[in-house]
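Take a look at the structure set out below.
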Amino acid sequence: MADDKQEPPKPRGTMARDRWDELRELHAEGKGRNVIAREMGIATGCVSRTAEHLGLTFDRTAIQAATVARLADLAERRSVIALKFTDVAEDSLDRIYKPTTVYAFGGSTNTYAEHTFDEAPAAERRALVAAAGTATDRSLKLAPVEASSNLDGAKSMLGNLGNILSAYSRDMDERDAEAEAESTGQA
């Protein structure tokens, strides 16, 4: 007749049998695996394997709750950054129609020259449109449009916007080429 109190054989990778009671006591006190490992001075994997062998489980609800909270905090932080990128995009587009000062250093004496335009010139417009596009792209990557918000309509709108921006850029390139040709007397 087998003795019911006899311990099962020790599996590989577990702590010595003479420490099992200490593990049971610490577990009964509600201590987690990492705390037990630190107090006993052994690896967490060894604690896990031994606990499993002894039929002990650890309550993971606190860890799960902390993970959920941490993920929510990160999502909120990404949302704030996405808002800042959206602000940059709006500001860049608004600056197209505001007075713009263009300056340069040049010549053999490195002379400073500037001119203020009523609106941003073509090259600055392209740069502002590119900045707005980049900021919008970053914003959407951080806080994507939800699937329930008419994804096909959004794709269509973005596609149309891309076509408009490309046409605008080509138009600005043509205007620049014409202006350069006129200034050099080649028109």
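With no solvent and one point on each alpha carbon, what is the Debye value of log10 I(q)/I(0) for the range 63-152 at q = 0.23 Å⁻¹? Log10 of I(q)/I(0), two decimals: -1.07. Which of rounded, prolate or oblate describes the chain when judged by the alpha-carbon gyration tensor and an a/c cut-off of 1.5? Because a/c hits 1.5 or more and a/b exceeds b/c, the chain counts as prolate. Here's the picture: charge each Lys and Arg Cβ at +1 and each Asp and Glu Cβ at -1 in the range 8-152, and of ALA131, THR101, ALA16 the one pushed furthest to the positive end of that dipole is ALA16.
Only aspartates and glutamates eight or more places from LYS141 in sequence, or on another chain, were considered; those with a Cα closer than 18 Å are ASP73, GLU76, ASP87, GLU90, ASP152. Accessible surface of the chain, 1.4 Å probe: 54 percent of it comes from carbon and sulfur atoms. When each of the peptides 157-169, 103-115, 15-27 is scored by how many other beta carbons lie within 10 Å of its residues on average, the order from highest to lowest is 15-27, 157-169, 103-115.
Using the alpha-carbon positions of the range 43-89, Rg (one decimal) and Dmax (whole number) come out as 19.3, 60 Å.
Please work out, to two decimal places, the log10 of the ratio I(q)/I(0) at q = 0.16, 0.24 Å⁻¹ from a Debye calculation in which every Cα of the range 9-119 carries one identical scatterer. Per q value, in the given order, log10 I(q)/I(0) is -0.86, -1.22.
The values are calculated or read from the model by the stated rules, or taken from the named source; none is laboratory data. Here the structure is a predicted model, which means the values were calculated and not measured. Positions of Cβ are generated from backbone atoms using ideal geometry, with glycine treated the same way; all protein chains shown enter the neighbour counts. The accessibility values were calculated without ligands, DNA or RNA, using every heavy atom of the protein model including side chains. Shrake-Rupley method; radii C 1.70, N 1.55, O 1.52, S 1.80 Å.
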